[in-house]
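Let me begin by presenting the structure, written as structure tokens, before commenting on it.
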Amino acid sequence: MTDLFEEQCLMLKEPHFLILYWTAKAEEKEIKYNITNIFDDLKYIGATRTKQSAVSFVDSLHTLCFVGISGDGNRKNLYISKHGAKALEYLLSNTKYKPKKSLFLEGSK
């Protein structure tokens, strides 16, 4: 099973990593982080130009059980699962991905 987990993690792209990272940081700050915030942050760093892409990144993480989603519409809030936390830890130590700042989280100090 470990091999499958590692393969899943290595298939993730930088936006997936950043969504996991930002979601974990939002939980640390005890603030809600939703799909609209994700889209704005991904657009700011140049990772996407469409909300559809942001939703697609979130959906793939949800399918892998790396994030949970609660709420309706664009205000669906994300939370990181225990599997997502493991994936984030793996990505931080085994990939070239580096955290980038979230405009939403920076403004929510």
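Nothing in this text is a laboratory measurement; each read-out follows from the coordinates by a stated rule. No experiment lies behind these values; they were computed from the predicted model shown. Note that each Cβ is placed from the backbone with ideal geometry, even for glycine, and that neighbours are counted across all protein chains shown.
For the reader, a short list of remarks on this structure follows.
- In plain terms, the chain from residue 85 to residue 65 could stretch by 6.1 nm, reckoned as 0.36 nm per residue minus the Cα-Cα distance.
- Alpha carbon convex hull of segment 6-107, volume per residue in cubic angstrom: 90 Å³
- Working from label points 7 Å from Cα in the Cα-to-Cβ sense, the residue 55 to residue 32 distance is 1.9 nm.
- Using the average count of surrounding beta-carbon atoms within 10 Å as a protection proxy, the listed peptides 3-9, 36-42, 59-65 rank, highest first, as 36-42, 59-65, 3-9.
- Relative contact order (%) - criterion: Cα under 8 Å, at least six apart; region: segment 2-95: 33 percent
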